[in-house]
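Here the structure comes first, spelled out in structure tokens, and everything after it is commentary.
The values are calculated or read from the model by the stated rules, or taken from the named source; none is laboratory data. This structure is a prediction, so every number in the text was calculated from the model and none was measured. Backbone-built Cβ (ideal geometry, glycine too); neighbour counts: all protein chains shown.
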Amino acid sequence: RAPSLTLLGLGDMGTALARGWLAAGYSVTVWNRTPGRARALVAAGARPAESAAAAVATNSLVVTCLLDDASVGAVLEGVDLTGRDLVDVTTGTPAEARQRGAWAAGRGARFLSGGIMAVPPMAGIPEAGGYVLYSGSAELFETHRAALAVPFAARFVGSDAGHAALQDVALLSAMYGMFAGVTHAFALVRGEREIPLKEFAPLLSGWLTAMSASIEQTAEQLQSGDYGSGVVSTMAMQAAGIGTFVGTAHEQGVSPQLLTPYFDLMKRLVDDGRGAESAAGMVDLLAPGDGR
Ligand code: NDP
């Protein structure tokens, strides 16, 4: 008999997950609030359920991929979860994931929260590098490890149901910082006819890749508490360059608004007498509670 699971939520991501499991030979029972969205999947072999409750009753493994935590609550309201293994890959905050875990436990279900580090077209294509961070019930993860690893690689990151969401949001937050920098860089050069954006783009992506080597150094410094040994680019040196960045933005008619909050923290660090250190101290400024 084919391995089976239930999937609630057939948006772009839910549909991609379903296709991944169907392609791997799984029997997938599907339900979506707007029934029409199941049609193409049913044609591809998925089994439609009349209701969320009927879908949940069909399989022990139940995956939810909905818009937000509130929609998970709405869809599962009044549904019998006794003995189910609920895997929620809906993006949410760590506290939402923990509360959802406690809520599921109160209804007799094991719970795993997932943070999807991929976009839908990467599903079922291991070379694309997408993966899902999972936290919560280790037993659930072990039981369904094979199924969970089908659409995207599956990584268990601990028993705190909030930790998958926390790392998901941390990774995406860093991505937005990078996008902010890329946005500013393009704004600076776009008006220049002699700087073709197609030639500038590989310089930009190559530079960001090279600079990402600093991430592991920062982690080591934060862990050791030593922000001063062997620093190549001190805060004082970097802060001295702020005028160049703001000046260039003004020369090009570009607002520096995406960069100035970061520069303000740099200046504060230097004002605090930490100009000889690396940028790791900026983490302390953001999160004073767990600094050195
Ligand atoms: P879509 O907007 O395409 O789909 C949203 C889904 O949620 C639909 O199935 C929709 O049903 C359902 N839904 C929304 N509100 C409710 C409600 N109140 N009650 C019942 N169902 C509801 O989103 P995605 O599929 O792209 O994303 C799903 C999750 O996956 C999100 O949490 C997202 O953050 C996460 N994710 C998405 C990625 C992406 O690139 N798409 C990447 C990584 C994570 P209906 O069809 O009836 O509207």
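Exactly one residue among Thr91, Thr15 is assigned to a loop (DSSP other than H, G, I, E, B) and surrounded by 15 or more Cβ atoms within 10 Å (Cβ to Cβ), and that residue is Thr91.
Mind listing whichever residues of the stretch 18-28 are without any contact (Cβ under 8 Å) to a residue 40 or more places away in the chain and either crowded, with 17+ Cβ neighbours inside 10 Å or not assigned by TED's automatic domain parsing to the domain that holds Ala46 (or both)? Passing the criteria: Ala18, Leu22, Ser27, Val28. Using the structure shown, decide if Ser205 is part of a loop (DSSP other than H, G, I, E, B) and either in contact (Cβ under 8 Å) with a residue 12 or more places away in the chain or assigned by TED's automatic domain parsing to the domain that holds Met178 (or both). Taking the combined requirement at face value, the residue does not satisfy it. Answer yes if at least one residue in the stretch 135-156 is part of a strand (DSSP E or B), within 11 Å of the ligand (Cβ to nearest atom) and of a type outside the set (D, E, K, R), and no otherwise. There is no residue in the stretch 135-156 that is part of a strand (DSSP E or B), within 11 Å of the ligand (Cβ to nearest atom) and of a type outside the set (D, E, K, R). Restricting the stretch 121-134 to residues that are within 15 Å of the ligand (Cβ to nearest atom) and over 13 Å from the mean Cα position of the chain (by Cα), the residue that is surrounded by the most Cβ atoms within 10 Å (Cβ to Cβ) is Ala123.
Determine whether Val72 is surrounded by fewer than 20 Cβ atoms within 10 Å (Cβ to Cβ), outside any loop (DSSP other than H, G, I, E, B) and at pLDDT 95 or above. Outline the logic, then answer.
Details: surrounded by fewer than 20 Cβ atoms within 10 Å (Cβ to Cβ): no; outside any loop (DSSP other than H, G, I, E, B): yes; at pLDDT 95 or above: yes.
In short, no.
Inspect all residues belonging to the stretch 82-102 and state whether any of them is within 9 Å of the ligand (Cβ to nearest atom), free of Cβ contacts under 8 Å to residues at least 60 places away in the same chain, over 23 Å from Val150 (Cβ atoms) and of a type outside the set (A, V, I, L, M, F, W, C). There is no residue in the stretch 82-102 that is within 9 Å of the ligand (Cβ to nearest atom), free of Cβ contacts under 8 Å to residues at least 60 places away in the same chain, over 23 Å from Val150 (Cβ atoms) and of a type outside the set (A, V, I, L, M, F, W, C).
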